[in-house]
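The values are calculated or read from the model by the stated rules, or taken from the named source; none is laboratory data. From a predicted model like this one, the values you see are computed outputs, not experimental measurements. Note: ideal-geometry Cβ built from the backbone for every residue, glycine included; neighbour counts use all protein chains shown. Heads up: the accessible areas ignore ligands, DNA and RNA and are worked out on the full protein's heavy atoms, side chains in. Shrake-Rupley method; radii C 1.70, N 1.55, O 1.52, S 1.80 Å.
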Amino acid sequence: MKTETKEKVAFLAASLFDLAEMTESDLSSVVEVVGTDAIQELIGMDHLRYECSYDRMAEEICSYIDWDPMLVMTGWTDEDLSRIGQLIADLVEGDSPADDDAAESLAAILTWDGLGAWIACNDGEMPT
């Protein structure tokens, strides 16, 4: 996977993780609502990645798919979300190094039941 694609995957993964927290939903449910096609399209939107915080991107995702959930503020910092996004991007890269397969791989990893435990084991700085 190209470095640029991995950065996009990390940003979108963190934003989807944040969106799940903001909607107080399971991450797999959020991924199902957003869908793989939208994830693929969002990965291709460079301007959003450079102009948005994770919270703002979560809101943009909702707007993009015309979803209007009630959003709450979370205790996650951009640093926390960045680490989580990078961990998930590492998994995506290991699963599917081809750029064209990144969205499908990301969706599969984000719906993996063991993701939360895997992140907790691989990131000693996760808040409790």
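Once both labels are positioned 7 Å from their Cα atoms along Cα-to-Cβ, the gap between ALA117 and SER28 label points is 1.3 nm. For a paramagnetic label modelled on ASP101 (point 7 Å from Cα along Cα→Cβ), amide N atoms under 11 Å away belong, within segment 1-27, to 1. Find the Rg to Rh ratio for the chain, where Rh is the Kirkwood radius over alpha-carbon pairs and Rg uses the same atoms. Rg divided by Rh gives 0.92.
For the chain, which DSSP H helices look membrane-span-like by this rule: Cα extent along the axis of 27 Å or more and mean Kyte-Doolittle of at least -1.0? Those that pass (Cα extent of 27 Å or more, hydropathy at least -1.0) are 3-22. Taking packing as the residue-averaged number of other Cβ atoms within 10 angstrom, the listed peptides 106-118, 78-90 run from highest to lowest as 78-90, 106-118. Normalising the average separation of contacting C-alpha pairs (under 8 angstrom, six or more residues apart) by the number of residues puts the relative contact order of the chain at 40 percent. Per residue, the solvent-accessible area of segment 10-74 (1.4 Å probe, heavy atoms of protein chains only, all protein chains present) comes to 51 Å².
Using only the Cα atoms of segment 46-120, build the gyration tensor, take square roots of its eigenvalues as a ≥ b ≥ c, and label the shape rounded, prolate or oblate: rounded if a/c is under 1.5, else prolate if a/b is larger than b/c, else oblate. Prolate is the answer for segment 46-120, as a/c is 1.5 or above and a/b outweighs b/c. What FRET efficiency comes out for the pair ASP66/LYS2, r = Cβ-Cβ distance, R0 = 41 Å, nearest 0.05? It comes to 0.85.
Counting protein heavy atoms only, the chain has 46 percent of its accessible area on carbon and sulfur, 1.4 angstrom probe. In the full protein context, segment 76-117 carries 47 Å² of accessible surface per residue, based on a 1.4 Å probe and ignoring ligands, DNA and RNA. Where the centroid of each part is defined by its Cα atoms, how far is segment 8-79 from segment 81-119 in Å? Comparing the Cα centres of segment 8-79 and segment 81-119, I get a distance of 14 Å.
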